[in-house]
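**Student:** Quick one: this structure, given as structure tokens, is what I'll be asking you about.
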Amino acid sequence: MYLLGKDAAELEELASSLGERAFRGRQLYRWLYVKEADGFAEMNDLAKGFRKRLSEKVMISPVRVDDVSRSAGGSVKLLFALPDGNRVEGVLIPDGERLTACLSSQVGCVIGCRFCATGRMGFIRNLSAAEIVGQFIAMNKAVRMKISNVVMMGMGEPLLNRRELFKAAGLITDPDGLGISRRRFSVSTVGWVPGIEAMRASGLRLKLTVSLNGTTDGQRRKLMPLAARFPLADVLHAAKEYASHTRQRLTFTYLLLAGINDSPVDARRLIKLVSRIPSKINLMEYNEIGGEFRRSDDIVTEDFQEILRSAGLTATLRKSRGLEIGAACGQLAGRYAPGSGRVLKAIY
Ligand code: SF4
């Protein structure tokens, strides 16, 4: 059993079950999520006997950093070892004052998008809330800068692991705990409509990012098998409802693939699709992973962006930083051999 992933009520219950007053659970909460304690020894306002009983019964985090790779562009990929021997990856992406942690939600992924390295792995299992929060804390401890943003855009489709995702998101965005603003915690989905609806119903008001990657159902079906189940109209309807319910501006990501979805016709169709939804578009350069797809030419990418901008849309281009360490979008696939055991030093 692990302490990370438990909320205040569960920690109070744990304290009671170990013969302590319930408020000790609150203290434990502060040690875990405010002070980010590594061990029981430092929890010096808890009685020694309680700490001993805790250490006999529970561990703090299920996540261990197994490897760290840095890219020339400044991104850092961390390989996390999990208790059952599986591994997931996360990426730290610095951008001026901002430091974004990209976290995984599953080991592998069942969706099988054809452009994605994780999709090629297939699905192994969902991560627990402890493992999601554990990634965040391991990253936070690795840096001198404080992490300002979280994106659930690592391995897995987060909305297929909603219970654990929502629990972890609640902990990471608790102002009395880890304190990331909900407006800076983004859940990225390829369009799992029931998940978007559940996210709206959760009341968490997290940021929603939807990966469109195509402007017709046919195009999307070719890239993402999920699209056969959830046509564009349904995805956009759910997204619009989410934006209106949470009064937020959504992000649509659009991965540009040479000759597949990067024509001026696509750009114009994209404008029509999203223009009635308060949103911005994040164009993404593809990181070739040795399959059938190629990255769009720079000139094609610029033209695509320009067409969107001329129509008054906010369209940014995400350069694929981290490419050389396999840390860019669609490249997280746990390819690292275990146990290289490099020590993690402060990075930023
Ligand atoms: S892009 Fe996302 S949803 Fe698609 S296979 Fe990769 S991890 Fe899964």
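The values are calculated or read from the model by the stated rules, or taken from the named source; none is laboratory data. Predicted, not measured: the structure shown is a model, and the values here were computed from it. Note that each Cβ is placed from the backbone with ideal geometry, even for glycine, and that neighbours are counted across all protein chains shown.
**Student:** So, of the residues in segment 171-206 that are small (Gly, Ala, Ser) and either surrounded by fewer than 18 Cβ atoms within 10 Å (Cβ to Cβ) or over 16 Å from the mean Cα position of the chain (by Cα) (or both), which turns out to be nearest to Arg30 (Cα to Cα)?
**Tutor:** In the first step, residues of segment 171-206 are kept if they are small (Gly, Ala, Ser); the result is 177, 179, 181, 186, 188, 191, 195, 198, 201-203.
Filter once more, so that each one left must be either surrounded by fewer than 18 Cβ atoms within 10 Å (Cβ to Cβ) or over 16 Å from the mean Cα position of the chain (by Cα) (or both): 177, 179, 181, 198, 201-203.
On the way: Gly177: 7, Gly179: 12, Ser181: 18, Ala198: 29, Ala201: 28, Ser202: 25, Gly203: 24 Å.
Only one residue fits best here, namely Gly177.
**Student:** Further question on the same structure: What residue, among those in segment 89-118 that are small (Gly, Ala, Ser) and buried (at least 24 other Cβ atoms within 10 Å of the Cβ), is farthest from Glu285 (Cα to Cα)? Walk me through it before giving the result.
**Tutor:** Filtering segment 89-118 for residues small (Gly, Ala, Ser) gives 90, 96, 101, 104-105, 108, 112, 117.
Cutting the leftovers down to buried (at least 24 other Cβ atoms within 10 Å of the Cβ) gives us 90, 101, 104-105.
Details: Gly90: 19, Ala101: 19, Ser104: 20, Ser105: 23 Å.
Among those that are small (Gly, Ala, Ser) and buried (at least 24 other Cβ atoms within 10 Å of the Cβ), it is Ser105.
**Student:** Next question, about the same structure. Being closer than 22 Å to Met224 by Cα and aliphatic (A, V, I, L, M) narrows it down to one of Leu308, Leu255, so name that one.
**Tutor:** Leu255
**Student:** Could you name every one of the strands (runs of 3 or more DSSP E) located completely within segment 154-268 that has at least 3 residues being without any contact (Cβ under 8 Å) to a residue 24 or more places away in the chain?
**Tutor:** Details: elements: 185-189, 207-211, 250-256.
Here the list is empty.
**Student:** So, one more: Do you know which of the residues in segment 220-240 that are closer than 20 Å to Phe293 by Cα and either within 12 Å of the ligand (Cβ to nearest atom) or within 23 Å of the chain's Cα centre (by Cα) (or both) is surrounded by the fewest Cβ atoms within 10 Å (Cβ to Cβ)?
**Tutor:** Step by step, filter segment 220-240, then rank; the result is Pro225.
**Student:** Could you list, ordered by first residue, the pairs with Cβ atoms under 8 Å in which the first is in segment 35-56 and at positive phi and the second is part of a helix (DSSP H, G or I) and not β-branched (Val, Ile, Thr), at least 6 apart or interchain?
**Tutor:** Glu36/Asn140; Glu36/Lys141
**Student:** Another question about this same structure. Only residues that are aromatic (Phe, Trp, Tyr) and free of Cβ contacts under 8 Å to residues at least 60 places away in the same chain: list them for segment 108-124, please.
**Tutor:** Filtering segment 108-124 down to residues aromatic (Phe, Trp, Tyr) leaves 115, 123.
Correct list: Phe123 only.
**Student:** What number of residues in segment 1-34 are part of a helix (DSSP H, G or I) and either in contact with a Phe, Trp or Tyr (Cβ under 8 Å, 6 or more places away or on another chain) or at positive phi (or both)? Spell out how you get there, then give the answer.
**Tutor:** Of all residues in segment 1-34, those part of a helix (DSSP H, G or I) come to 8-17, 23-33.
Now narrow it down to the ones that are either in contact with a Phe, Trp or Tyr (Cβ under 8 Å, 6 or more places away or on another chain) or at positive phi (or both): 8, 11-12, 15, 24.
So the answer is 5.
**Student:** Mind listing just one residue for me: the one in segment 165-188 that is in contact with a strand residue (DSSP E or B) (Cβ under 6 Å, 6 or more places away or on another chain) and within 16 Å of the ligand (Cβ to nearest atom) and, of those, nearest to Tyr254 (Cα to Cα)?
**Tutor:** Within segment 165-188, the match that is nearest to Tyr254 (Cα to Cα) is Ser188.
**Student:** Does Phe115 qualify as being farther than 21 Å from Lys207 by Cβ, within 11 Å of the ligand (Cβ to nearest atom) and assigned by TED's automatic domain parsing to the domain that holds Leu178?
**Tutor:** Details: farther than 21 Å from Lys207 by Cβ: yes; within 11 Å of the ligand (Cβ to nearest atom): yes; assigned by TED's automatic domain parsing to the domain that holds Leu178: yes.
Considered against the rule, which asks whether it is farther than 21 Å from Lys207 by Cβ, within 11 Å of the ligand (Cβ to nearest atom) and assigned by TED's automatic domain parsing to the domain that holds Leu178, Phe115 comes out as yes.
**Student:** Among the residues of segment 86-112, write down those that are over 10 Å from Met152 (Cα atoms), near the ligand (Cβ under 9 Å from one of its atoms) and not in a strand (DSSP E or B).
**Tutor:** Within segment 86-112, Cys109, Val110, Ile111, Gly112 qualify.
**Student:** Does Arg125 meet the test of being assigned by TED's automatic domain parsing to the domain that holds Met284, over 30 Å from Asn261 (Cα atoms) and within 16 Å of the ligand (Cβ to nearest atom)?
**Tutor:** On the way: assigned by TED's automatic domain parsing to the domain that holds Met284: yes; over 30 Å from Asn261 (Cα atoms): yes; within 16 Å of the ligand (Cβ to nearest atom): yes.
When the stated conditions are applied, Arg125 passes them.
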